[in-house]
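Okay, structure first, notes after.
The values are calculated or read from the model by the stated rules, or taken from the named source; none is laboratory data. None of these values were measured; they are calculated from a predicted model. Cβ placement follows ideal geometry from the backbone for every residue including glycine, while neighbour counts extend to all protein chains displayed.
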Amino acid sequence: MREFGYQRAGDVSGAVALIAADPDARYLGGGTNLVDLMKAGVERPARLVDVRELPLDGIEPTPEGGLRIGATVTNSDLAAHPEVRRRYPALTQAVLAGASGQLRNMATVGGNLLQRTRCGYFTDLSKPCNKRAPGSGCPAVTGEHHNHAILGATDHCVAVHPSDMGVALAALDAAVTYETSDRQGKSPIADFYLPVGDTPHRETALPPGALITGVVLPPAPVAARSRYRKVRERASYAFAIASVAAALDVEDGVVRDARLAFGAVASRPWRARAAESVLIGAPADGTTFGTAADAELAAARPLPDNGYKVTLVRNLVVAVLTELAEEAAR
Ligand SMILES: Cc1cc2nc3c(=O)[nH]c(=O)nc-3n(C[C@H](O)[C@H](O)[C@H](O)COP(=O)(O)OP(=O)(O)OC[C@H]3O[C@@H](n4cnc5c(N)ncnc54)[C@H](O)[C@@H]3O)c2cc1C
Ligand code: SF4
């Protein structure tokens with residue numbers, strides 16, 4: 001592991017200035033991903049700027065009626081917040097489905113959004129990997145890929161994004177706020193993660209050196225009836241092999257509003273807009289839910305060993321939407 005310096009930032013502008021002054025420096029949140037990558041030699045920062053004591057640890061109402069979540073709020077505090085639990089239950093469920101209690105106590109919102117893929121080749125320095133070493137190749141396409149992408153991938157990279165929280169945020173139309181040395185910015189989560197294309201090493205639209213300051217959730221009455229369902233290879237402490245975040249508003253048996261996003265199927269949380277357009281205005285029944293899933297999954301391009309995800313996601317969509325529709329009918 002490379003020797004590195006450590007500094008604790010006291011305010012946002014100080015943190016941003018420290019990073020701007022040193023291209024080899026990285027922000028440190030809970031360290032639960034970055035430090036592992038440093039131990040593996042994938043990340044080799046010369047300096048860490050610890051952001052955990054910045055005044056970004058609040059969850060507050062916005063004037064528009066949504067919620068603003070600070071970047072250094074821990075995953076545990078986010079999941080437990082009464083307003084998040086009441087108004088955006090899928091977000092609480094997604095966060096609680098991730099990692100372990102100890103990790104969630106350390107992990108921050110900003111760090112969770114920027115955690116790196118768990119593709120085994122990415123952390124194996126003896127193997128090529130376009131994401132870690134641009135232009136070196138992608139061995140996963142013909143190698144081990146049973147948990148890789150079925151949507152939106154290219155031959156340059158077929159890795160999936162690992163965050164559970166991000167999937168719920170995608171369904172809820174969240175936006176990420178950030179600050180650089182010369183401006184503040186806001187990026188809807190739909191634009192925050194970049195398509196893979198031929199540059200899988202470029203993962204987000206964040207400007208260089210930007211500090212994530214928070215996440216804004218818009219008001220969304222539909223989100224009060226929302227759910228996150230994750231399938232994994234063991235019951236806890238494991239990343240998703242597929243997941244679904246869904247919100248459904250049903251009146252007189254007809255879908256009035258719907259939000260749907262998939263996890264562990266693409267390089268980014270996958271907002272299922274084709275499925276949503278089938279759902280809205282249609283009868284809230286199993287036939288509609290299956291047709292909606294098929295509309296989204298028509299774009300799936302599975303690899304030889306991950307075609308099971310197409311069936312799995314379809315079944316998850318039908319199951320979760322059926323539960324939400326039954327709940328609405330009670
Ligand atoms: C064993 C294990 C199991 C896990 N299981 C799951 C799981 O099932 N589901 C899941 O979603 N996650 C899982 N995780 C991942 C965990 O959720 C992430 O490691 C964690 O959320 C990262 O947050 P952090 O604050 O520790 O980030 P860090 O490790 O501190 O940072 C991650 C990245 O974000 C950058 N960063 C941090 N804060 C900011 C900021 N404010 N602005 C700009 N950049 C910033 C860092 O520079 C770094 O590049 C697991 C992790 C482990 C170790
Ligand atoms: S899938 Fe992406 S992360 Fe995995 S080896 Fe290929 S380029 Fe690297």
Can you tell me which residues in region 133-188 are of a type in the set (F, W, Y) and touching a residue at least 40 places away in the same chain (Cβ under 8 Å)? none
Of the residues in region 243-253, those that are hydrophobic (A, V, I, L, M, F, W, C) and surrounded by fewer than 24 Cβ atoms within 10 Å (Cβ to Cβ) number 1
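So, in region 295-330, of the ones that are polar (S, T, N, Q) and free of Cβ contacts under 8 Å to residues at least 12 places away in the same chain, which residue ends up surrounded by the fewest Cβ atoms within 10 Å (Cβ to Cβ)?
So the residue we want is T311.
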Unique match (being outside the structural domain of G31 (by TED's automatic domain parsing), assigned to a loop (DSSP other than H, G, I, E, B), on the phi > 0 side of the Ramachandran plot and within 15 Å of the chain's Cα centre (by Cα)) among A99, A159: A99
Identify the single condition in (1) over 27 Å from V49 (Cβ atoms); (2) more than 16 Å from ligand 2 (Cβ to nearest atom); (3) among the charged types (D, E, K, R) that D198 does not satisfy, given that it satisfies every other one. (2)
How many residues does region 185-204 contain that are hydroxyl-bearing (S, T, Y), more than 14 Å from T117 (Cβ to Cβ) and not in a loop (DSSP other than H, G, I, E, B)? 1
Please determine, by comparing only the residues of region 107-159 that are within 12 Å of ligand 2 (Cβ to nearest atom) and β-branched (V, I, T), which one is surrounded by the fewest Cβ atoms within 10 Å (Cβ to Cβ). T142
It is to be established whether one or more residues within region 147-155 are closer than 27 Å to V216 by Cα, away from ligand 1 (no atom under 14 Å from the Cβ) and not assigned by TED's automatic domain parsing to the domain that holds S13. yes
Of all residues in region 210-224, which are assigned to a strand (DSSP E or B) and over 30 Å from G135 (Cα atoms)? T213, G214, V215, V216, L217
All conditions in (1) in a loop (DSSP other than H, G, I, E, B); (2) out of contact with any strand residue (DSSP E or B) (no Cβ under 6 Å at 6 or more places or on another chain); (3) more than 12 Å from ligand 1 (Cβ to nearest atom) are true of P207 except (3)
Only unsatisfied item for R229, checking (1) away from ligand 1 (no atom under 16 Å from the Cβ); (2) over 22 Å from A20 (Cα atoms), is (1)
Looking at E60, E64, which one is without any contact (Cβ under 8 Å) to a residue 12 or more places away in the chain and either within 7 Å of ligand 1 (Cβ to nearest atom) or surrounded by fewer than 20 Cβ atoms within 10 Å (Cβ to Cβ) (or both)? E60
